[in-house]
Amino acid sequence: AAATARLQHLHRIGQAPDGEGPAVARLLTAPAQWNHARSVLAHVAENAPLPGAEARLLVVMVTLRTAQSGVGNLVGQDIKGLPLSDPEQLVGQLVESGWLGISGTVEELIASRPENPTQITVPSLTPDEDDPGPFTFGRKLRPKLSGWAQRVVGEKKLRKGKTEAGVRLLALALATGSDGEGRLGPGGEGIGVDTLSSWCAVDPGDLPALVDRLTAADWLAEADVTDTLLTGRLTERVLPLGCPLT
């Protein structure tokens, strides 16, 4: 029985031995990639230029587009695909704050299409001789991390449920804050409510509503929120999006 349980565990974390059936086919496949994903979220949490969940969600996605060189491309759909109540105003505020630079106007960015993307810059991510920038991953990994975040944030049931920015941020937090079997927190012991509400840019009292939305979207099972702790596990359906704690 112990051997069977061990094998099931290896399947879930994507490390089952060859010939032992399918493991979880994770979008990000290695512990180093999982840790880099966490490093990006931690950087945004510490350096978000504007308050609020919508701003934080947009900053996560833009950071992942520009993480390597401080330069990247965006098209209108990248922004319009996010649950933002006033995308133009939010992009404008990021530009005014000095965090984001864009070629052209905000209106042109929102209208831009894949065949003619808008170049963007994030000065705080631009490396120079004295500062290599906050991230240590290579060029090839950046688009993988960006693609992973897009898959989490744009996951079908989150999209169809028209979930707000705070719910998408919580999905990112739980995908990077669970173990190989999807249990939340180190050793499955849960994640602090203060930590999660701070990351999601919501009041701690609002966190249970976000948890309910994720449960309704078949992301979370056995979820329990106390005043201090969220416990539960990711559903089998979304395990491929997970970046297990190692």
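Every number in this text was worked out from the coordinates using simple rules, so none of it is lab data. Bear in mind that the values here come from a model prediction, so they are computed numbers and not experimental data. Positions of Cβ are generated from backbone atoms using ideal geometry, with glycine treated the same way; all protein chains shown enter the neighbour counts.
Restricting to region 193-210, count the residues that are assigned to a helix (DSSP H, G or I) and over 16 Å from the mean Cα position of the chain (by Cα). Full working, then the answer.
Going through region 193-210, the residues assigned to a helix (DSSP H, G or I) turn out to be 193-200, 204-210.
Restricting the remaining residues to those that are over 16 Å from the mean Cα position of the chain (by Cα) gives 193-194, 204-209.
So the count comes out to 8.
What number of residues within region 84-96 are surrounded by 16 or more Cβ atoms within 10 Å (Cβ to Cβ) and under 20 Å from Val167 (Cα atoms)?
The number of residues fulfilling the criteria is 3.
Any residue that is assigned to a helix (DSSP H, G or I), basic (Lys, Arg) and in contact with a Ser or Thr (Cβ under 9 Å, 6 or more places away or on another chain) - is there at least one of those in region 178-192?
no
Mind telling me which of the residues Pro132, Pro143, Pro127, Pro123 ends up being under 19 Å from the mean Cα position of the chain (by Cα) and either under 21 Å from Gln68 (Cα atoms) or surrounded by fewer than 21 Cβ atoms within 10 Å (Cβ to Cβ) (or both)?
Details: Pro132 fails: under 19 Å from the mean Cα position of the chain (by Cα); Pro127 fails: under 19 Å from the mean Cα position of the chain (by Cα); Pro123 fails: under 19 Å from the mean Cα position of the chain (by Cα).
Every option except Pro143 fails the conditions.
If you check Asp203, Asp227, Asp218, Asp212, which single one turns out to be among the acidic types (Asp, Glu) and closer than 18 Å to Glu46 by Cα? Explain how you work it out, then say what you get.
Values: Asp227 fails: closer than 18 Å to Glu46 by Cα; Asp218 fails: closer than 18 Å to Glu46 by Cα; Asp212 fails: closer than 18 Å to Glu46 by Cα.
Matching residue, one of Asp203, Asp227, Asp218, Asp212: Asp203.
Being closer than 14 Å to Ser146 by Cβ and assigned to a helix (DSSP H, G or I) is the filter here; which residues of region 58-76 pass it? Spell out the reasoning first.
Step one: of region 58-76, the residues closer than 14 Å to Ser146 by Cβ are 58-69, 71-75.
Within region 58-76, Leu58, Val59, Val60, Met61, Val62, Thr63, Leu64, Arg65, Thr66 qualify.
(1) in contact with a Leu (Cβ under 7 Å, 6 or more places away or on another chain); (2) crowded, with 23+ Cβ neighbours inside 10 Å: which one isn't true of Pro244, the others all being true?
Among (1) in contact with a Leu (Cβ under 7 Å, 6 or more places away or on another chain); (2) crowded, with 23+ Cβ neighbours inside 10 Å, Pro244 violates only (1).
Only one of these is touching a residue at least 60 places away in the same chain (Cβ under 8 Å), out of contact with any His (no Cβ under 6 Å at 6 or more places or on another chain), over 23 Å from Gln68 (Cα atoms) and in a helix (DSSP H, G or I): Leu158, Leu90. Name it. Steps first, please.
Details: Leu90 fails: touching a residue at least 60 places away in the same chain (Cβ under 8 Å).
Just a single option satisfies the conditions, and that option is Leu158.
Given Gly81, Gly104, which one is closer than 30 Å to Asp218 by Cβ and surrounded by fewer than 17 Cβ atoms within 10 Å (Cβ to Cβ)?
Working: Gly104 fails: closer than 30 Å to Asp218 by Cβ.
Within the list Gly81, Gly104, the selection yields Gly81.
Does Glu155 meet the test of being surrounded by 14 or more Cβ atoms within 10 Å (Cβ to Cβ), out of contact with any Phe, Trp or Tyr (no Cβ under 7 Å at 6 or more places or on another chain) and of a type in the set (Asp, Glu)? So that I can check it myself, show each step before the final result.
Details: surrounded by 14 or more Cβ atoms within 10 Å (Cβ to Cβ): yes; out of contact with any Phe, Trp or Tyr (no Cβ under 7 Å at 6 or more places or on another chain): yes; of a type in the set (Asp, Glu): yes.
Judged against the criteria, Glu155 is a match.
Search region 101-155 for residues being of a type in the set (A, V, I, L, M, F, W, C) and without any contact (Cβ under 8 Å) to a residue 40 or more places away in the chain, and hand back the single one that is nearest to Glu46 (Cα to Cα).
Of all residues in region 101-155, those of a type in the set (A, V, I, L, M, F, W, C) come to 102, 106, 109-111, 120, 122, 125, 135, 137, 141, 145, 148-149, 152-153.
With the extra rule that they be without any contact (Cβ under 8 Å) to a residue 40 or more places away in the chain, the set shrinks to 102, 106, 109-111.
On the way: Ile102: 23, Val106: 26, Leu109: 27, Ile110: 27, Ala111: 31 Å.
That would be Ile102.
Taking into account only those residues within region 177-235 that are of a type in the set (S, T, N, Q) and more than 18 Å from Val152 (Cα to Cα), which is surrounded by the most Cβ atoms within 10 Å (Cβ to Cβ)? I'd like the intermediate steps shown before the answer.
In the first step, residues of region 177-235 are kept if they are of a type in the set (S, T, N, Q); the result is 178, 195, 197-198, 215, 226, 228, 231, 235.
Checking the rest, the ones that are also more than 18 Å from Val152 (Cα to Cα) come to 195, 197-198, 226, 228, 231.
On the way: Thr195: 16, Ser197: 19, Ser198: 13, Thr226: 10, Thr228: 10, Thr231: 16.
My answer is Ser197.
Among Ala67, Ala111, which is the only one that is surrounded by fewer than 16 Cβ atoms within 10 Å (Cβ to Cβ) and farther than 24 Å from Gly161 by Cα? Steps first, answer last, please.
On the way: Ala67 fails: surrounded by fewer than 16 Cβ atoms within 10 Å (Cβ to Cβ).
Just one listed residue meets the conditions, Ala111.
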